[in-house]
1. Quick check on the exposure proxy: order THR84, THR13, THR156 from fewest to most C-beta atoms within 10 angstrom.
2. Given a cut-off of under 8 Å on Cα pairs at least six residues apart, what relative contact order in percent is computed for the stretch 92-146?
3. Given a 10 angstrom Cα cut-off, can you work out which residue in GLY48, GLY98, GLY178 is the most mobile in a GNM of the chain?
4. Among bridges DSSP assigns within the chain, what percent are antiparallel (round to 5)?
5. [x] 43, 35, 28; [y] 77, 39, 31; [z] 66, 39, 32: which one is Cα extents along the principal axes in Å as calculated from this entry?
6. Which net charge results for the neighbourhood of VAL129, defined as the other residues with beta-carbon distances under 13 angstrom from its beta-carbon, given Lys and Arg at +1 and Asp and Glu at -1?
7. If you keep only loop residues by DSSP, which trypsin sites (Lys or Arg not before Pro) in the stretch 40-91 have at most 13 other Cβ atoms within 10 Å of their Cβ?
8. Using Cα pairs closer than 8 Å and at least 6 residues apart in sequence, work out the relative contact order for the chain, in percent.
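What follows is calculated from the coordinates using simple rules that are stated; it is not laboratory data. All values derive from a computational prediction rather than experimental measurement. When we count neighbours, we look across all protein chains shown, and the Cβ atoms used for this are built from the backbone with ideal geometry, even at glycine.
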Amino acid sequence: MTGLCGILPAIITPLDSAERFQPRAFECLLERLYNAGVHGIYVCGQTGEGLLQSIEQRKAIAEVAVKWSPADKKVIVHVGAYRTADAIELARHAARVGAHAVSSLPPLGGYSFAEVKAYYQALAELSDVPLLVYYFPELCSTIASADQILELCSMTNVIGLKFTDFDLCRMSLVKDSGAVIFNDRMRCSWRDC
């Protein structure tokens, strides 16, 4: 398996008033989280405002996240971008600096499921680390069924998904397939590692 289990919070990205990444504040945040016992982190997602930052700044965040994470902790980097080429560049960079996995929102906009699947296929094929699909129906309603989620999760190099929804029945169907699931909407948790 991937070794991705436990508590991996999606974390904020400290920025100054000019929206520049603040590495020292980020290092302090990482230290505090790891001292609290988390098993890893998820960076540059919605919580970390990844889509609002430049590619270069996102790379710097990934580098600091990996450098300041203990060897036994996991780092997942959100690489979703408005351009597929940017997502692939971020995924390759994340692998080079030592991230354990990448994740991506589907492309935002009125895309068909076939187009969303093609995006994830390209990303999965060209990523040097495992990929987590990001299921968030409030942002992308194109992925509309458990069958579609399972289809995405069955692709080579896709290990599971970040599940941002309250539909426990749908989440259970995906979990039963053997996919890794990270859920950030529930206040309960279970460990299946």
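1. Details: THR84 16, THR13 24, THR156 8.
Result, fewest neighbours first: THR156, THR84, THR13.
2. On the way: 57 pairs, mean separation 24.5, N = 55.
Once divided by the residue count of the stretch 92-146, the mean separation gives 45 percent.
3. GLY178
4. Numbers: 1 of 21 bridges.
So the antiparallel bridges in the chain amount to around 5 percent.
5. [x]
6. Values: positive: LYS74, ARG92, ARG96; negative: GLU125, ASP128.
So the environment of VAL129 carries a net charge of +1.
7. Working: sites: ARG58, LYS59, LYS67, LYS73, LYS74, ARG83; in loops: LYS73, ARG83.
Loop-located and lightly packed - ARG83.
8. On the way: 328 pairs, mean separation 30.2, N = 193.
Relative contact order here is 16 percent.
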